[in-house]
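The values are calculated or read from the model by the stated rules, or taken from the named source; none is laboratory data. Everything numeric in this text was worked out from a predicted model, so none of it was measured. With ideal geometry, Cβ positions are generated from the backbone for all residues, glycine too; neighbour counts draw on all protein chains shown.
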Amino acid sequence: MNTEQSTTPPNAAAPRETLQGDRLCMQCLHPLVGRTIERDAGTGLLYVRCGECGTASALFEYPTATPWLNRAKSVIASTLAITAIVALLALGGVTGGFMGGASSEACDAAGVELSLAFRSSLDEQAKADPQIQSGYWTATHDQWLASPAGQDALVNARFGVTALVPFALITALGTAIAAPLALFIGIALTRQGPLRRAVYAALPVVLAAIVVWSMYYALGSRVAMSSWTQVAFDHYLAGFTALSTAWFLAFVAATAALAPSIAAFIARTILPPRDRRLVAWLWEWRGKTVPRD
Ligand SMILES: [Zn+2]
């Protein structure tokens, strides 16, 4: 065949397609865009001929802009790493904030419950006492707290509806915000195995818990706004904080450990088998094969 084929088509009647897209000549790196697509008569394979050096480049199996793909991959990889770090920090902030928020709100509510129980226990004479009426803390309050009625009220206020409803609602809200972060971190750590995923994701929660607990120890009595809230803080804060710390630790660790399985299940549910190669890493990074059913 002749080398002038690309510039002088032998059959002008047949429509000639030109190459589109970013392909470079393998020989001289000259862009091949706009070159006429030829078909080799012997083999039937498609190729384009470089306008600079005349080298023929097969269109089949020709690496398309590989350097750009590799660059894009490294950009995606570093973006993913930075996003994962940001997600870890955010997870610490969210869980720490909601741990402290849920337990202090529960104590506030329990404090109100205690003060109501105290007031209802007073006889007419005590209710008329201006000092008790004005809300100043007196020996009467301490005597009542130490009495069987006061001890009962302390037990009842701990797990009463008044305290548990705000505790559960704030914890649920924090869980809803932490869930996508834990899922993302778990998926980003797909290669690490379930135990490491759980440990890495739980790390910021542990740090957040340390901050929250040290804050409570450092601030001590200064956080409470009223004497009844103070009583509630003294009796309940550690318990509620322990409960929310345990919950967030367990939730984040379990979510991160299960995240790749959850993502793979969702991908399998919504993607037909031939489209799953886009997210094949969801299975391959865990040493599994992409399901074909
Ligand atoms: Zn060339």
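Among the numbered conditions (1) of a type outside the set (Val, Ile, Thr); (2) surrounded by 13 or more Cβ atoms within 10 Å (Cβ to Cβ); (3) over 37 Å from the mean Cα position of the chain (by Cα), the only one that PHE167 does not meet is (3).
From the list GLU124, GLU113, which one is over 30 Å from ARG197 (Cα atoms), of a type outside the set (Lys, Arg), in the same structural domain as LEU237 (by TED's automatic domain parsing) and in contact (Cβ under 8 Å) with a residue 40 or more places away in the chain?
The match here is GLU113.
Here LEU91 clears all of (1) more than 30 Å from SER226 (Cβ to Cβ); (2) touching a Pro at 6+ places or on another chain (Cβ under 8 Å); (3) surrounded by fewer than 21 Cβ atoms within 10 Å (Cβ to Cβ) except the condition numbered (3). Against the conditions (1) at pLDDT below 90; (2) exposed (fewer than 13 other Cβ atoms within 10 Å of the Cβ); (3) within 19 Å of ALA198 (Cα to Cα); (4) not acidic (Asp, Glu), PRO291 satisfies every one except (3). In the condition set (1) in contact with a Leu (Cβ under 9 Å, 6 or more places away or on another chain); (2) on the phi > 0 side of the Ramachandran plot, ALA264 is compliant with all but (2). Residues of region 40-54 that are closer than 15 Å to ARG16 by Cα and either within 13 Å of the ligand (Cβ to nearest atom) or not assigned by TED's automatic domain parsing to the domain that holds GLN20 (or both): TYR47, VAL48, ARG49.
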